[in-house]
Amino acid sequence: MMSTVLLDTLHQGVAALGAGVAALGAGVGIGRIGGSALESIARQPEAINDIRSNMILAAALVEGAVFFAMVVALLVVFK
Amino acid sequence: MPSKIKYFSNRITSVVLLAGLLLFSSPVALAYEPSSEIAVEDTLKTDAVGGGEHEKDGKFNAGELILEHIGDSHQWHLWGDHGHSVHIPLPVILYTDKGLEIFSSSHLEHHDELYTGKHYKYRLSHEHIEVIDEAGMINEKATKAIIDLSITKNVVSLLFGAALMLFIFISVAKAYTTRQGKAPKGLQSFIEPIILFVRDDIAKTSIGPKYEKFMPYLLTVFFFIFINNLLGMIPIPFLPTGTNLTGNIAICAVLAAFTFVIILVISNKHYWRHIFAMPGVPLPILIILTPIEILGLFLRPFVLMIRLFANITAGHIIALAFFSLIFIFGEKSAGAGYGVATVSVAFTIFMGMMELLVAFLQAYVFTLLSAIYFGSAMEESHSEEHH
(Lines give C-alpha, C1' and ligand atoms only; values in the text may rest on other atoms or scores of the structure.)
Protein backbone atom coordinates (compact mmCIF):
# COMPACT_ATOMS: atom_id res chain seq x y z
CA MET A 1 0.00 0.00 0.00
CA MET A 2 2.72 2.39 1.06
CA SER A 3 4.84 1.50 -1.92
CA THR A 4 2.03 2.17 -4.39
CA VAL A 5 1.52 5.63 -2.92
CA LEU A 6 5.24 6.23 -3.18
CA LEU A 7 5.28 4.93 -6.74
CA ASP A 8 2.40 7.19 -7.71
CA THR A 9 4.20 10.21 -6.30
CA LEU A 10 7.34 9.17 -8.13
CA HIS A 11 5.41 8.80 -11.37
CA GLN A 12 3.89 12.23 -11.00
CA GLY A 13 7.25 13.76 -10.20
CA VAL A 14 8.95 12.15 -13.17
CA ALA A 15 6.09 13.12 -15.47
CA ALA A 16 6.22 16.72 -14.28
CA LEU A 17 9.99 16.70 -14.80
CA GLY A 18 9.50 15.32 -18.29
CA ALA A 19 6.95 18.00 -19.14
CA GLY A 20 9.38 20.59 -17.81
CA VAL A 21 12.26 19.31 -19.92
CA ALA A 22 9.97 19.31 -22.97
CA ALA A 23 9.05 22.93 -22.26
CA LEU A 24 12.76 23.71 -21.99
CA GLY A 25 13.39 22.14 -25.37
CA ALA A 26 10.50 24.03 -26.92
CA GLY A 27 11.77 27.25 -25.41
CA VAL A 28 15.19 26.77 -26.97
CA GLY A 29 13.68 25.71 -30.28
CA ILE A 30 11.16 28.53 -30.60
CA GLY A 31 13.75 31.00 -29.34
CA ARG A 32 16.13 29.97 -32.08
CA ILE A 33 13.40 30.22 -34.71
CA GLY A 34 12.42 33.68 -33.50
CA GLY A 35 16.05 34.80 -33.33
CA SER A 36 16.89 33.61 -36.82
CA ALA A 37 13.68 35.08 -38.19
CA LEU A 38 14.55 38.47 -36.71
CA GLU A 39 18.03 38.25 -38.15
CA SER A 40 16.78 37.40 -41.61
CA ILE A 41 14.12 40.13 -41.47
CA ALA A 42 16.87 42.60 -40.58
CA ARG A 43 18.84 41.42 -43.59
CA GLN A 44 15.90 41.32 -45.97
CA PRO A 45 13.00 43.42 -44.72
CA GLU A 46 11.13 42.93 -48.00
CA ALA A 47 10.83 39.18 -47.35
CA ILE A 48 9.03 39.70 -44.03
CA ASN A 49 5.79 37.97 -45.09
CA ASP A 50 7.44 34.77 -46.24
CA ILE A 51 9.70 34.71 -43.21
CA ARG A 52 6.82 35.27 -40.83
CA SER A 53 4.67 32.47 -42.16
CA ASN A 54 7.59 30.06 -42.22
CA MET A 55 8.52 31.10 -38.69
CA ILE A 56 5.02 30.36 -37.43
CA LEU A 57 4.98 27.04 -39.25
CA ALA A 58 8.31 25.99 -37.75
CA ALA A 59 7.19 27.08 -34.29
CA ALA A 60 4.02 25.04 -34.69
CA LEU A 61 6.06 21.98 -35.61
CA VAL A 62 8.31 22.44 -32.58
CA GLU A 63 5.19 22.75 -30.49
CA GLY A 64 3.96 19.47 -31.94
CA ALA A 65 7.04 17.68 -30.63
CA VAL A 66 6.37 19.13 -27.19
CA PHE A 67 2.81 17.87 -27.29
CA PHE A 68 4.12 14.36 -27.83
CA ALA A 69 6.22 14.75 -24.72
CA MET A 70 3.21 16.09 -22.87
CA VAL A 71 1.04 13.15 -23.91
CA VAL A 72 3.75 10.72 -22.87
CA ALA A 73 4.00 12.48 -19.50
CA LEU A 74 0.24 12.14 -19.09
CA LEU A 75 0.40 8.47 -19.98
CA VAL A 76 3.07 7.97 -17.32
CA VAL A 77 0.78 9.44 -14.70
CA PHE A 78 -2.22 7.35 -15.81
CA LYS A 79 -0.52 4.23 -17.08
CA MET B 1 -9.59 7.29 -10.25
CA PRO B 2 -9.67 3.93 -12.10
CA SER B 3 -13.46 3.82 -11.96
CA LYS B 4 -13.60 7.29 -13.47
CA ILE B 5 -11.25 6.30 -16.23
CA LYS B 6 -13.26 3.15 -16.84
CA TYR B 7 -16.33 5.28 -16.94
CA PHE B 8 -14.76 7.41 -19.59
CA SER B 9 -13.97 4.52 -21.85
CA ASN B 10 -17.63 4.01 -22.70
CA ARG B 11 -17.91 7.45 -24.23
CA ILE B 12 -18.17 7.59 -27.97
CA THR B 13 -14.52 7.76 -28.93
CA SER B 14 -11.30 6.82 -27.32
CA VAL B 15 -9.99 10.35 -27.81
CA VAL B 16 -12.35 11.42 -25.07
CA LEU B 17 -10.27 9.26 -22.78
CA LEU B 18 -7.37 11.58 -23.34
CA ALA B 19 -9.55 14.53 -22.41
CA GLY B 20 -10.51 12.70 -19.27
CA LEU B 21 -6.89 12.10 -18.40
CA LEU B 22 -6.20 15.78 -18.81
CA LEU B 23 -9.24 16.88 -16.88
CA PHE B 24 -8.65 14.63 -13.92
CA SER B 25 -4.97 15.41 -13.72
CA SER B 26 -5.10 18.95 -12.45
CA PRO B 27 -1.42 18.96 -11.43
CA VAL B 28 -0.16 17.92 -14.85
CA ALA B 29 -2.79 19.76 -16.83
CA LEU B 30 -1.71 22.88 -15.03
CA ALA B 31 1.97 22.16 -14.88
CA TYR B 32 2.76 22.04 -18.58
CA GLU B 33 2.04 25.72 -19.05
CA PRO B 34 5.25 27.53 -18.20
CA SER B 35 3.80 31.04 -18.02
CA SER B 36 1.45 30.22 -15.16
CA GLU B 37 4.06 28.79 -12.82
CA ILE B 38 3.19 30.97 -9.85
CA ALA B 39 -0.49 30.36 -10.21
CA VAL B 40 0.04 26.65 -10.58
CA GLU B 41 1.97 26.38 -7.34
CA ASP B 42 -0.83 27.99 -5.42
CA THR B 43 -3.53 25.97 -7.10
CA LEU B 44 -1.69 22.82 -6.21
CA LYS B 45 -1.35 23.91 -2.62
CA THR B 46 -5.06 24.58 -2.23
CA ASP B 47 -5.73 21.26 -3.85
CA ALA B 48 -3.62 19.57 -1.22
CA VAL B 49 -5.11 21.57 1.66
CA GLY B 50 -8.70 21.28 0.49
CA GLY B 51 -8.33 17.54 -0.02
CA GLY B 52 -10.10 17.65 -3.37
CA GLU B 53 -13.73 18.41 -3.89
CA HIS B 54 -15.09 16.16 -1.18
CA GLU B 55 -14.14 18.56 1.58
CA LYS B 56 -16.69 21.34 1.42
CA ASP B 57 -15.73 23.48 4.38
CA GLY B 58 -16.28 26.77 2.56
CA LYS B 59 -12.69 26.95 1.42
CA PHE B 60 -12.03 28.17 -2.08
CA ASN B 61 -10.83 25.34 -4.29
CA ALA B 62 -9.07 26.72 -7.36
CA GLY B 63 -8.44 23.34 -8.97
CA GLU B 64 -12.10 22.43 -8.82
CA LEU B 65 -13.14 25.81 -10.22
CA ILE B 66 -10.76 25.56 -13.14
CA LEU B 67 -11.66 21.98 -14.01
CA GLU B 68 -15.34 22.82 -13.81
CA HIS B 69 -14.87 25.67 -16.25
CA ILE B 70 -12.76 23.90 -18.84
CA GLY B 71 -14.95 20.80 -18.74
CA ASP B 72 -18.37 20.36 -20.22
CA SER B 73 -21.54 20.70 -18.18
CA HIS B 74 -25.19 19.68 -18.31
CA GLN B 75 -26.27 23.10 -17.13
CA TRP B 76 -25.37 26.56 -18.22
CA HIS B 77 -24.02 28.29 -15.16
CA LEU B 78 -24.63 32.05 -14.91
CA TRP B 79 -23.37 33.06 -11.47
CA GLY B 80 -23.24 32.03 -7.82
CA ASP B 81 -21.70 29.23 -5.80
CA HIS B 82 -22.70 25.63 -5.37
CA GLY B 83 -26.13 25.11 -3.86
CA HIS B 84 -27.39 28.62 -4.58
CA SER B 85 -26.16 29.24 -8.08
CA VAL B 86 -28.20 30.71 -10.91
CA HIS B 87 -28.14 28.53 -13.97
CA ILE B 88 -30.18 27.44 -16.95
CA PRO B 89 -30.84 23.70 -17.05
CA LEU B 90 -30.15 22.13 -20.43
CA PRO B 91 -31.87 19.10 -21.92
CA VAL B 92 -30.43 15.67 -21.26
CA ILE B 93 -30.77 13.33 -24.24
CA LEU B 94 -29.73 9.75 -23.60
CA TYR B 95 -29.70 6.82 -25.93
CA THR B 96 -29.92 3.89 -23.56
CA ASP B 97 -30.03 0.21 -24.45
CA LYS B 98 -33.82 0.34 -23.97
CA GLY B 99 -34.41 3.43 -26.08
CA LEU B 100 -34.32 7.18 -26.18
CA GLU B 101 -34.74 9.24 -23.02
CA ILE B 102 -35.18 13.02 -22.93
CA PHE B 103 -35.56 15.10 -19.76
CA SER B 104 -34.36 18.36 -18.28
CA SER B 105 -31.13 18.44 -16.31
CA SER B 106 -32.98 20.43 -13.61
CA HIS B 107 -34.10 17.03 -12.27
CA LEU B 108 -30.51 16.12 -11.56
CA GLU B 109 -28.99 19.35 -10.35
CA HIS B 110 -28.68 18.52 -6.65
CA HIS B 111 -26.04 16.19 -5.37
CA ASP B 112 -27.23 12.57 -5.41
CA GLU B 113 -30.62 13.57 -6.80
CA LEU B 114 -32.31 10.70 -8.62
CA TYR B 115 -34.52 11.09 -11.65
CA THR B 116 -36.86 8.25 -12.63
CA GLY B 117 -37.12 8.17 -16.39
CA LYS B 118 -39.02 5.90 -18.73
CA HIS B 119 -36.47 3.12 -18.59
CA TYR B 120 -34.13 3.65 -15.64
CA LYS B 121 -33.32 5.83 -12.67
CA TYR B 122 -30.53 8.30 -13.39
CA ARG B 123 -28.03 10.21 -11.34
CA LEU B 124 -25.51 12.84 -12.36
CA SER B 125 -22.06 12.21 -10.98
CA HIS B 126 -19.19 14.49 -12.07
CA GLU B 127 -21.14 15.45 -15.18
CA HIS B 128 -21.64 11.82 -16.14
CA ILE B 129 -25.03 10.19 -16.20
CA GLU B 130 -25.18 7.00 -14.15
CA VAL B 131 -27.94 4.43 -14.14
CA ILE B 132 -29.06 3.48 -10.63
CA ASP B 133 -30.88 0.20 -10.04
CA GLU B 134 -33.54 -0.63 -7.44
CA ALA B 135 -31.02 -1.35 -4.71
CA GLY B 136 -29.47 2.09 -5.11
CA MET B 137 -26.33 0.74 -6.72
CA ILE B 138 -24.82 1.80 -10.02
CA ASN B 139 -25.98 -0.43 -12.85
CA GLU B 140 -22.62 -0.80 -14.59
CA LYS B 141 -23.92 -2.53 -17.71
CA ALA B 142 -26.67 -0.03 -18.47
CA THR B 143 -24.39 2.90 -17.59
CA LYS B 144 -21.86 1.67 -20.07
CA ALA B 145 -24.46 1.32 -22.80
CA ILE B 146 -25.62 4.94 -22.50
CA ILE B 147 -24.78 7.23 -25.39
CA ASP B 148 -25.01 10.74 -24.01
CA LEU B 149 -26.28 13.07 -26.75
CA SER B 150 -27.26 15.86 -24.35
CA ILE B 151 -27.35 19.49 -25.37
CA THR B 152 -24.53 20.45 -23.02
CA LYS B 153 -22.96 23.84 -22.40
CA ASN B 154 -20.48 23.24 -25.21
CA VAL B 155 -23.20 22.21 -27.63
CA VAL B 156 -25.20 25.37 -26.92
CA SER B 157 -22.04 27.37 -27.43
CA LEU B 158 -21.33 25.51 -30.67
CA LEU B 159 -24.84 26.22 -31.97
CA PHE B 160 -24.47 29.87 -31.06
CA GLY B 161 -21.13 30.06 -32.87
CA ALA B 162 -22.65 28.37 -35.91
CA ALA B 163 -25.59 30.80 -35.91
CA LEU B 164 -23.22 33.75 -35.67
CA MET B 165 -21.15 32.42 -38.55
CA LEU B 166 -24.25 31.89 -40.66
CA PHE B 167 -25.37 35.44 -39.95
CA ILE B 168 -21.96 36.91 -40.80
CA PHE B 169 -21.40 34.98 -43.99
CA ILE B 170 -24.94 35.14 -45.36
CA SER B 171 -25.00 38.91 -44.92
CA VAL B 172 -21.51 39.28 -46.40
CA ALA B 173 -22.40 37.04 -49.34
CA LYS B 174 -25.54 39.08 -49.89
CA ALA B 175 -23.50 42.28 -49.89
CA TYR B 176 -21.42 40.94 -52.78
CA THR B 177 -24.49 40.41 -54.95
CA THR B 178 -26.26 43.67 -54.06
CA ARG B 179 -23.17 45.87 -54.14
CA GLN B 180 -21.53 44.38 -57.20
CA GLY B 181 -18.63 46.45 -58.50
CA LYS B 182 -18.63 48.78 -55.49
CA ALA B 183 -16.14 49.01 -52.65
CA PRO B 184 -16.83 46.67 -49.70
CA LYS B 185 -18.73 48.17 -46.79
CA GLY B 186 -19.27 47.37 -43.11
CA LEU B 187 -18.86 43.72 -42.13
CA GLN B 188 -17.86 42.97 -45.70
CA SER B 189 -14.71 45.08 -45.45
CA PHE B 190 -13.76 43.29 -42.24
CA ILE B 191 -14.22 39.79 -43.64
CA GLU B 192 -12.79 40.36 -47.12
CA PRO B 193 -9.13 40.86 -46.14
CA ILE B 194 -9.26 37.74 -43.94
CA ILE B 195 -10.68 35.66 -46.79
CA LEU B 196 -8.05 37.05 -49.13
CA PHE B 197 -5.41 36.26 -46.53
CA VAL B 198 -6.59 32.64 -46.30
CA ARG B 199 -6.68 32.40 -50.09
CA ASP B 200 -3.36 34.07 -50.92
CA ASP B 201 -1.18 33.28 -47.94
CA ILE B 202 -2.51 29.86 -46.99
CA ALA B 203 -4.20 28.10 -49.90
CA LYS B 204 -2.33 29.41 -52.94
CA THR B 205 1.16 29.08 -51.48
CA SER B 206 0.68 25.66 -49.90
CA ILE B 207 -1.63 23.83 -52.29
CA GLY B 208 -0.70 25.33 -55.63
CA PRO B 209 -2.83 25.82 -58.74
CA LYS B 210 -5.57 23.39 -57.61
CA TYR B 211 -6.27 25.42 -54.49
CA GLU B 212 -9.79 26.48 -55.42
CA LYS B 213 -11.68 23.34 -54.46
CA PHE B 214 -10.20 23.45 -50.96
CA MET B 215 -11.19 27.04 -50.26
CA PRO B 216 -14.64 26.20 -48.80
CA TYR B 217 -13.15 23.76 -46.30
CA LEU B 218 -10.17 25.93 -45.41
CA LEU B 219 -12.32 29.04 -44.91
CA THR B 220 -14.88 27.14 -42.86
CA VAL B 221 -12.31 25.60 -40.59
CA PHE B 222 -10.43 28.88 -40.26
CA PHE B 223 -13.46 30.94 -39.31
CA PHE B 224 -14.91 28.21 -37.13
CA ILE B 225 -11.76 28.03 -35.02
CA PHE B 226 -11.15 31.78 -35.07
CA ILE B 227 -14.68 32.86 -34.13
CA ASN B 228 -15.12 30.18 -31.49
CA ASN B 229 -11.71 30.98 -30.00
CA LEU B 230 -12.75 34.61 -29.68
CA LEU B 231 -16.18 33.73 -28.30
CA GLY B 232 -14.52 31.46 -25.78
CA MET B 233 -12.50 34.39 -24.47
CA ILE B 234 -15.43 36.74 -23.90
CA PRO B 235 -17.92 35.77 -21.20
CA ILE B 236 -20.94 37.79 -22.33
CA PRO B 237 -23.80 37.57 -19.81
CA PHE B 238 -26.83 35.59 -21.04
CA LEU B 239 -25.06 34.50 -24.20
CA PRO B 240 -23.48 31.06 -24.38
CA THR B 241 -19.94 32.36 -24.74
CA GLY B 242 -16.85 32.02 -22.61
CA THR B 243 -16.96 28.25 -22.84
CA ASN B 244 -13.90 26.16 -23.57
CA LEU B 245 -15.36 25.01 -26.88
CA THR B 246 -12.32 24.87 -29.17
CA GLY B 247 -10.40 23.58 -26.15
CA ASN B 248 -12.69 20.56 -26.05
CA ILE B 249 -10.83 17.56 -27.36
CA ALA B 250 -13.87 16.10 -29.11
CA ILE B 251 -14.26 19.27 -31.21
CA CYS B 252 -10.56 19.29 -32.05
CA ALA B 253 -10.70 15.59 -32.89
CA VAL B 254 -13.57 16.09 -35.31
CA LEU B 255 -11.81 18.99 -37.04
CA ALA B 256 -8.60 16.97 -37.35
CA ALA B 257 -10.59 13.98 -38.61
CA PHE B 258 -12.05 16.13 -41.40
CA THR B 259 -8.55 17.06 -42.51
CA PHE B 260 -7.45 13.43 -42.30
CA VAL B 261 -10.38 12.18 -44.37
CA ILE B 262 -9.78 14.84 -47.02
CA ILE B 263 -6.11 13.84 -47.21
CA LEU B 264 -7.13 10.20 -47.69
CA VAL B 265 -9.64 11.08 -50.39
CA ILE B 266 -7.45 13.39 -52.48
CA SER B 267 -4.12 11.60 -52.05
CA ASN B 268 -2.56 10.26 -55.25
CA LYS B 269 -0.32 7.33 -56.06
CA HIS B 270 2.78 9.42 -55.66
CA TYR B 271 1.86 10.26 -52.05
CA TRP B 272 1.29 6.63 -51.06
CA ARG B 273 4.44 5.54 -52.81
CA HIS B 274 6.41 7.98 -50.69
CA ILE B 275 4.85 6.51 -47.57
CA PHE B 276 5.17 2.78 -48.30
CA ALA B 277 8.26 2.72 -50.46
CA MET B 278 10.16 5.98 -50.65
CA PRO B 279 11.74 6.07 -54.12
CA GLY B 280 15.52 5.93 -54.21
CA VAL B 281 15.89 4.56 -50.68
CA PRO B 282 17.66 1.19 -50.15
CA LEU B 283 15.67 -1.68 -48.64
CA PRO B 284 17.33 -1.86 -45.18
CA ILE B 285 16.48 1.77 -44.57
CA LEU B 286 12.97 1.28 -45.94
CA ILE B 287 12.32 -1.28 -43.21
CA ILE B 288 12.88 1.47 -40.66
CA LEU B 289 11.44 4.31 -42.71
CA THR B 290 8.12 2.81 -43.77
CA PRO B 291 6.74 2.26 -40.25
CA ILE B 292 7.74 5.81 -39.36
CA GLU B 293 5.99 7.16 -42.44
CA ILE B 294 2.86 5.15 -41.70
CA LEU B 295 2.90 6.38 -38.12
CA GLY B 296 3.42 9.92 -39.42
CA LEU B 297 0.27 9.61 -41.50
CA PHE B 298 -1.75 9.28 -38.31
CA LEU B 299 0.40 11.53 -36.17
CA ARG B 300 -0.19 14.59 -38.32
CA PRO B 301 -3.94 14.87 -37.65
CA PHE B 302 -3.33 13.77 -34.07
CA VAL B 303 -0.94 16.66 -33.47
CA LEU B 304 -3.39 19.04 -35.16
CA MET B 305 -5.93 17.96 -32.58
CA ILE B 306 -3.60 18.15 -29.58
CA ARG B 307 -2.18 21.52 -30.61
CA LEU B 308 -5.52 23.28 -30.77
CA PHE B 309 -6.78 21.55 -27.64
CA ALA B 310 -3.72 22.31 -25.53
CA ASN B 311 -3.33 25.91 -26.62
CA ILE B 312 -6.91 26.94 -26.01
CA THR B 313 -7.29 24.97 -22.78
CA ALA B 314 -4.04 26.42 -21.48
CA GLY B 315 -5.31 29.93 -22.21
CA HIS B 316 -8.46 29.32 -20.19
CA ILE B 317 -6.47 27.78 -17.35
CA ILE B 318 -4.12 30.78 -17.18
CA ALA B 319 -6.94 33.31 -16.97
CA LEU B 320 -8.71 31.30 -14.27
CA ALA B 321 -5.50 30.66 -12.34
CA PHE B 322 -4.81 34.39 -12.15
CA PHE B 323 -8.33 35.06 -10.92
CA SER B 324 -8.10 32.20 -8.45
CA LEU B 325 -5.03 33.84 -6.92
CA ILE B 326 -7.22 36.75 -5.80
CA PHE B 327 -9.50 34.44 -3.83
CA ILE B 328 -6.68 32.34 -2.45
CA PHE B 329 -5.04 35.44 -0.99
CA GLY B 330 -8.39 37.00 -0.11
CA GLU B 331 -9.10 34.07 2.18
CA LYS B 332 -5.96 34.84 4.18
CA SER B 333 -6.74 38.52 4.55
CA ALA B 334 -8.90 41.02 2.69
CA GLY B 335 -5.98 43.40 2.17
CA ALA B 336 -3.86 40.74 0.54
CA GLY B 337 -6.82 39.92 -1.71
CA TYR B 338 -7.14 43.51 -2.90
CA GLY B 339 -3.38 43.79 -3.33
CA VAL B 340 -3.15 40.65 -5.43
CA ALA B 341 -6.27 41.62 -7.37
CA THR B 342 -4.60 44.63 -8.99
CA VAL B 343 -1.60 42.60 -10.10
CA SER B 344 -3.77 39.67 -11.09
CA VAL B 345 -6.15 41.72 -13.22
CA ALA B 346 -3.23 43.45 -14.93
CA PHE B 347 -1.65 40.10 -15.73
CA THR B 348 -4.95 38.69 -16.95
CA ILE B 349 -5.36 41.62 -19.33
CA PHE B 350 -1.82 41.03 -20.57
CA MET B 351 -2.44 37.32 -21.03
CA GLY B 352 -5.78 38.15 -22.65
CA MET B 353 -3.95 40.16 -25.28
CA MET B 354 -1.63 37.22 -25.82
CA GLU B 355 -4.66 34.96 -26.13
CA LEU B 356 -6.10 37.23 -28.82
CA LEU B 357 -2.97 36.51 -30.80
CA VAL B 358 -3.18 32.81 -29.98
CA ALA B 359 -6.84 32.72 -31.06
CA PHE B 360 -5.83 33.93 -34.51
CA LEU B 361 -2.59 31.98 -34.62
CA GLN B 362 -4.20 28.63 -33.83
CA ALA B 363 -6.82 29.15 -36.53
CA TYR B 364 -4.01 30.12 -38.92
CA VAL B 365 -1.77 27.20 -38.00
CA PHE B 366 -4.57 24.64 -38.24
CA THR B 367 -5.61 25.93 -41.66
CA LEU B 368 -2.05 26.31 -42.90
CA LEU B 369 -1.03 22.81 -41.84
CA SER B 370 -4.20 21.34 -43.35
CA ALA B 371 -3.43 23.16 -46.60
CA ILE B 372 0.17 21.94 -46.59
CA TYR B 373 -0.98 18.36 -46.03
CA PHE B 374 -3.46 18.69 -48.90
CA GLY B 375 -0.72 20.10 -51.08
CA SER B 376 1.66 17.25 -50.28
CA ALA B 377 -1.08 14.65 -50.82
CA MET B 378 -1.69 15.93 -54.36
CA GLU B 379 1.92 16.60 -55.30
CA GLU B 380 2.91 15.20 -58.68
CA SER B 381 6.25 13.44 -59.04
CA HIS B 382 8.43 16.23 -60.38
CA SER B 383 11.62 15.26 -58.60
CA GLU B 384 11.55 11.69 -59.85
CA GLU B 385 11.83 12.70 -63.48
CA HIS B 386 15.05 14.53 -62.80
CA HIS B 387 16.70 11.65 -61.01
Is it true that B:Ala162 is touching a helix residue (DSSP H, G or I) at 6+ places or on another chain (Cβ under 9 Å), within 27 Å of B:His87 (Cα to Cα), assigned by TED's automatic domain parsing to the domain that holds B:Phe258 and surrounded by fewer than 16 Cβ atoms within 10 Å (Cβ to Cβ)? yes
Answer yes or no as to whether B:Ala321 is more than 14 Å from chain A (Cβ to nearest Cβ), surrounded by fewer than 20 Cβ atoms within 10 Å (Cβ to Cβ) and not β-branched (Val, Ile, Thr). no
Can you find a residue in the range A:56-70 that is farther than 30 Å from B:Ala203 by Cα and within 12 Å of chain B (Cβ to nearest Cβ)? yes
Filter the range B:173-187 for residues that are farther than 17 Å from B:Phe226 by Cα and in contact with a helix residue (DSSP H, G or I) (Cβ under 8 Å, 6 or more places away or on another chain); the one that is surrounded by the most Cβ atoms within 10 Å (Cβ to Cβ) is B:Ala175
I'd like the full set of residues that are closer than 18 Å to B:Val358 by Cβ, modelled with pLDDT under 85 and either surrounded by fewer than 19 Cβ atoms within 10 Å (Cβ to Cβ) or among the charged types (D, E, K, R) (or both), limited to the range A:58-70. A:Leu61, A:Glu63
With at the interface with chain B (Cβ under 8 Å from one of its Cβ atoms), more than 30 Å from B:Ile202 (Cβ to Cβ) and modelled with pLDDT of 85 or more as the only criterion, which of A:Ala73, A:Ala23, A:Ala16 stands out? A:Ala16
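The values are calculated or read from the model by the stated rules, or taken from the named source; none is laboratory data. These numbers come from a predicted model, not from an experiment. Every residue, glycine as well, gets a Cβ built from its backbone with ideal geometry; the counts of neighbours run over all protein chains shown.
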